[in-house]
Structure formats: structure tokens, C-alpha cells
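Nothing in this text is a laboratory measurement; each read-out follows from the coordinates by a stated rule. What you see is a predicted model, and the numbers here were worked out from it, not measured in a lab. Here the Cβ is made from the backbone with ideal geometry for all residues, glycine too, and neighbour counts use every protein chain on show.
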Amino acid sequence: MSTIVPVKASLPLQEHVYLPGVSYATYEAILTEIEDRRRLRITYHHGEMEMMSPSQDHERAKTLIGRMIETLTEELGIPVLSCGSTTFKNQLRDCGLEPDECYYVRNEAVVRGRKIKLGDDPPPDLVLEVDVTTSVIDRFPIYAALSFPEIWQYIDGEIVIHLLQESGLYVVTQQSVALPTVPVKKLVAHIERCDDTDETTWIRAFRQWVRGGMN
């Protein structure tokens, strides 16, 4: 395993608003103000705030990969709690964000039925981070500050697995901890076939692949 810094420089910008010099109180007030009527991803880190409107490519990729994760956990009989794009924030850490998708797997029983609050509860075991466009604020240090243990980063047509170390840095690995029996690299081939047919037929073919042993 080796340390990696996510490379995003070659990606185009989404429609976004970047605001420096924003207090944590202002960040929380904006979250509250737009809570019921937003389709924005808001990232906050040490006084910097970015509001982004996800592109169609972004939303499609995160939905397809999310469907695969949900199918995998269903077919493999793995208990899971899906939290989607829940806002996770911590005032002491002075940061917050919404994952593209996230799941409790190993800690599913710990948080089952709870209104989750970081600090009292662990963060999700698995995060999906789709990078088809670039952002101003690097989200990985925020995930690290909030102690998210594993990130699947979809970038440049690949899924890269990042695991958090005691040093507070993420390293790239070939095997997932949250879903250790899943050959994550092989999922990309299924993503590439998504435009060949309708999504119902596509996910049924993926389900058969899982049932066949994922070879």
C-alpha cells in the first residue's frame, strides 16, 4: 500500500460557488435555511465553503455504483444501513460535508434505529466519492478529520479504494475492508456496460454475476 493524493486537476469544474472566510455558525445557518429545498452539495473546511450543483454525469455514476453496492449486500446477505448524502459535520473539527453515498456495514447494528450524530456514533464504514468533475476544496482531509474509515473514489473510469490510517492519511489498497469479499476493481466493467441496455436489464445481469461467484 502507498499513500496517494487524489488527482483532480484534469477534471472540469461543476457549477459551484466558493466562499472563503465563512464561520462555522454561518455554515450551519445555511444548512438549516436550505435543508428542505436543496439539491446542493455543501463542503465546509476551516472557514472555506463550497456549494456545488452536481452534474448529470455525477448523479448517474453515483446512482449506478450505489445500486451495485446495494445489490451486493443483498445477494451476499450483508446487513447494511444506507445513509445516502446525509450531512456529516463536527464543530470541533470545523468541517462538514455530504458524501455522494455512504453505508454502515460493520457498524450497522451499532447505529440501527438511531438518529446518527458523529461523536456519539461512529461514521459510516463505506463512502462513495464520485469525481467526474473537480472541486475547489479537497474533501479527503475532511473525511479524515471525521474519521471515515474507507472511501471508494470513482475517478477517470476507475474505482480506487482508500483506507484511513492511524497517521490520519488515506492509503490506496486493492481490497475493501467494508466488503472484503467483493472484487471492487471488477465492478468497473459493469459500469462500462450501463449504456448498452436499460438499467433494469443491466442490474439484473449484475445480480447474476454476483450469484455466479463474481469471477
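Quick look at the values:
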quantity	calculated
Only listed residue being within 17 Å of the chain's Cα centre (by Cα), of a type outside the set (Ser, Thr, Tyr), crowded, with 16+ Cβ neighbours inside 10 Å and under 18 Å from residue 39 (Cα atoms), chosen from 105, 130	130
Selection from region 128-153 of residues that are part of a loop (DSSP other than H, G, I, E, B) and out of contact with any Cys (no Cβ under 9 Å at 6 or more places or on another chain)	132, 133, 135, 136, 137, 138, 139, 147, 149
Members of region 170-181 found to be in contact (Cβ under 8 Å) with a residue 60 or more places away in the chain and more than 17 Å from the chain's Cα centre (by Cα), listed by number	181
Residue within region 84-102 that is in contact (Cβ under 8 Å) with a residue 12 or more places away in the chain, among the polar types (S, T, N, Q), touching a strand residue (DSSP E or B) at 6+ places or on another chain (Cβ under 8 Å) and under 30 Å from residue 181 (Cβ atoms) present	yes
Selection count, region 154-171, where residues are outside any loop (DSSP other than H, G, I, E, B) and under 20 Å from residue 106 (Cβ atoms)	7
Verdict on residue 163 being closer than 22 Å to residue 73 by Cα and buried (at least 19 other Cβ atoms within 10 Å of the Cβ)	no
Among (1) at positive phi; (2) more than 19 Å from the chain's Cα centre (by Cα) - the single one residue 157 does not satisfy	(2)
